[in-house]
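The values are calculated or read from the model by the stated rules, or taken from the named source; none is laboratory data. All of these numbers come straight from a predicted model, not from anything done at the bench. Cβ atoms come from the backbone with ideal geometry, glycine included; neighbour counts cover every protein chain shown. Note: areas computed on protein heavy atoms with side chains; ligands, DNA, RNA excluded. Shrake-Rupley method; radii C 1.70, N 1.55, O 1.52, S 1.80 Å.
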2 protein chains.
Amino acid sequence: MIIDIHGHYTTAPKALETWRNRQIAGLKDPSQAPKVAELVIGDDELRESIEVNQLQKMRERGSDLTIFSPRASFMAHHIGDIRTSSTWAAICNELCYRVSRLFPDNFVPAAMLPQSPGVDPKTCIAELDKCVREYGNVAINLNPDPSGGHWTSPPLSDRHWYPIYEKMIEYDIPAMIHVSTSCNACFHTTGAHYLNADTTAFMQCLTSDLFKDFPTLKFVIPHGGGAVPYHWGRFRGLAQELKKPLLDEHLLNNIFFDTCVYHQPGIDLLTRVIPAANILFASEMIGAVRGIDPETGHYYDDTKHYVEATPNLDAAQREKIYAGNARRVYPRLDAALKARGR
Amino acid sequence: MIIDIHGHYTTAPKALETWRNRQIAGLKDPSQAPKVAELVIGDDELRESIEVNQLQKMRERGSDLTIFSPRASFMAHHIGDIRTSSTWAAICNELCYRVSRLFPDNFVPAAMLPQSPGVDPKTCIAELDKCVREYGNVAINLNPDPSGGHWTSPPLSDRHWYPIYEKMIEYDIPAMIHVSTSCNACFHTTGAHYLNADTTAFMQCLTSDLFKDFPTLKFVIPHGGGAVPYHWGRFRGLAQELKKPLLDEHLLNNIFFDTCVYHQPGIDLLTRVIPAANILFASEMIGAVRGIDPETGHYYDDTKHYVEATPNLDAAQREKIYAGNARRVYPRLDAALKARGR
């Protein structure tokens, strides 16, 4: 079995975006604000949006199951206030839940949170509860910068975030640390802001003792960990300067990297530097980079090619990266699979 | 000859920091503000601060010449206003100039600019002129985020920065794109902010047509290019989505990466992915990571070890990375060396 732990619903029916645009227009002119009930998307539409997109590519590429969350760049927590985000998160999470019911063999949902800049993360708990208990979500996406590129929240090591972590521990779910659209002109969303956030989150963990407070807390750092594996020596050296334990002990019981690195040398580096136990297969398909690499003839984001081709993994390590680690890091996924005899 | 293009004066005599602290105190209480003349550092002090530090390590490690600029984290352009930065930059640049006069065979100066958040970069020209014409500086360090982690300036592709670029073209000098201390609690200075800035700057160039306006402009992106080489496939794919030319043509006539990547797998990736013509030897010694790697027994920042050991380079490519490329990217360095018969 091959589990892709990083997929977003980037192909939702157009009605979703239209509704969101009306919601945004309603922030300035309340007469434009749509009701939730005005968004009507039928099962057939959902089915089609998946079948000709993610599911087709999964079949072509040979992955079986995707942990599926709302489109990251559309979370846009900086827009409006907590009510805006709450309504929007509920809609998006419900759609991913419905996809998981329509394709129970292929999609398992992960939740976005109704974060809003400057608002206590506690306000996300009700949505989180619903998504885990009623929708069967196996993880959350946690945005370390709900301001969208202005970085006005405290670091992830701050007690500000602890209410979320306490819930994660209670439910035994990991968080993927994933920002959304940048509204800072300095940062291109998928080319800079995403990667910067990955590096930033890792360093926030490194400088702190967060995982002493929460020894079983689990963070998935996407996009191959941003700059982290490439600069692993720098991070080992910085930890040493800061009198922290070796990174294996200090962070690698709690932090996992995905394989969303879109060329062979990158996956070769990742698998050479980071223990196989800390790598989770993922593609972020259909996502930021949708083209075919003229140098290889394959889709850039067809990351299975790179994982297959790297000389750094044996069969047992590949199995861990494809499925074993995911079942360990996402215990609710494992339980759901076992309940279905998988 | 081995040229290290990335060294900062991190070991300046304590009097410099003391003066700076008084300058900062003077922002709140003008009675504390020191005069420039109150900073007195003799040649012997300068000589000693270099001889037992950078120069000793250069001799031990076998590099000959360092392009030497003021301590990056001390630039702190966010402190005070343009007058604060102007006084501070003049002091720091003069010290690096004096070091270059005391050790003309080993140090060549590069200038910090008196940037200040929200201030027109034109105000940096007088200092830049002086540093090139009177002090023999062969490059500048340009801070894309003088706010120190709040990213309030326009992207490097904005006309805001063009007065600097016009001067760079006039003098035929490159800019190293280098931020300073982060005063945003989210970003650790050397573990996140530096690397993020490198990635951000690259992406700002990728999304723009800056190098169509300035075909001979040269940027050095330090710290091995942040996350860029590790995610080279992502950047190639994003350029493709944006209908930009191939990166070789679009950016690699103008952008160069240094070798400040502190472990073998990182340098192996850099030299596998980026053409040797675009790589410049550097260590940022004595800098962010000062310890000895217990896995190798060598200093983390002794990057020559990695460049020597990588299987991806032949002798001609190593020579380019050690010296040939630097002489091409820094024409004033080349001219200065030739004038001394080197």
Of the residues B:MET112, A:THR190, B:PHE257, the Cα lying farthest along the dipole of the protein assembly as shown towards its positive end, which is defined by charges on the beta carbon of Lys, Arg, Asp and Glu, belongs to B:MET112
Output, in nm with one decimal and in ascending order, the distances from the A:ILE169 label point to the matching label points of the other copies (7 Å from Cα along Cα-to-Cβ).
-> 5.9
Among beta bridges that DSSP assigns inside segment A:1-140, antiparallel share in %, nearest 5 | 0
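In segment A:103-206, what GluC sites (Glu not before Pro) fall in a loop by DSSP, with at most 14 other Cβ atoms inside 10 Å?
Answer by residue number: A:GLU134.
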Let me know the charge dipole size of segment B:1-66 about its Cα centre in debye, to the nearest 20, where only the beta-carbon of Lys, Arg (+1) and Asp, Glu (-1) is charged.
-> 280
Pairwise centroid distance, computed over Cα atoms, of segment A:272-287 with segment B:288-342, Å = 32
List the lysines whose alpha-carbon lies under 19 Å from that of A:LYS57, not counting same-chain residues fewer than 8 positions away?
-> A:LYS304
Checked segment B:28-68 with the C-alpha gyration tensor, a ≥ b ≥ c its square-rooted eigenvalues, rounded below a/c of 1.5, otherwise prolate if a/b is larger than b/c and oblate if not; verdict prolate
Cross-link reach list, lysines versus B:LYS35, counting only Cα pairs under 18 Å and skipping chain neighbours closer than eight places | B:LYS14
Förster radius 51 Å - calculated FRET efficiency between A:ALA335 and B:ASP209 (Cβ-Cβ, nearest 0.05) | 0.45
Ranked highest first by the average count of other Cβ atoms within 10 Å around their residues, in what order do A:57-63, A:218-224, A:302-308 fall?
-> A:218-224, A:302-308, A:57-63
If you count, for every residue in A:259-271, the Cβ atoms of partner chains within 10 Å of its Cβ, what is the mean?
-> 5
From the label point of A:ARG101, set 7 Å along Cα to the beta carbon, how far off in nm is each other copy's matching point, shortest first?
-> 8.0
When the dipole is taken about the Cα centre of the protein assembly as shown, and only Lys, Arg (+1) and Asp, Glu (-1) are charged at their Cβ, what size is it in debye, to the nearest 20?
-> 260
So, in nm, how far is label A:GLU134 from label A:GLU38 when the simple model puts each one 7 Å beyond its Cα toward the Cβ?
-> 2.3
So for R0 = 51 Å, FRET eff. of A:GLU308-B:ASP29 from the Cβ-Cβ r, to 0.05, ends up at 0.20
From other protein chains only, count the Cβ atoms within 10 Å of every residue's Cβ in A:199-211, then give the mean.
-> 4
For label points placed 7 Å from Cα toward Cβ, what is the shortest-first list of nm distances from A:ALA277 to its copies?
-> 4.6
May I ask for the distance between the Cα centers of segment A:117-137 and segment B:94-156, given as a whole number of Å?
-> 48
Could you name the lysines in cross-link range of A:LYS338, using Cα to Cα under 23 Å and dropping any fewer than eight places away on the same chain?
-> A:LYS130, A:LYS218, A:LYS320
Electrostatic dipole magnitude of chain A [Cβ: Lys, Arg +1; Asp, Glu -1; Cα centre; debye, to 20] = 360
Per-residue mean of C-beta atoms belonging to partner chains within 10 Å, peptide B:238-245 = 3
With every protein chain in place, the accessible area of A:ILE125 for a 1.4 Å probe, in Å² rounded to the nearest 10, comes to 30
In a shell of Cβ-Cβ distance under 12 Å around B:PRO109, excluding B:PRO109 itself, what net charge do Lys and Arg (+1) and Asp and Glu (-1) give?
-> +2
Mean ellipticity per residue at 222 nm, deg cm²/dmol - from DSSP H runs of n ≥ 4 across the protein assembly as shown, formula -39500 (n - 2.57) = -12000 deg cm²/dmol
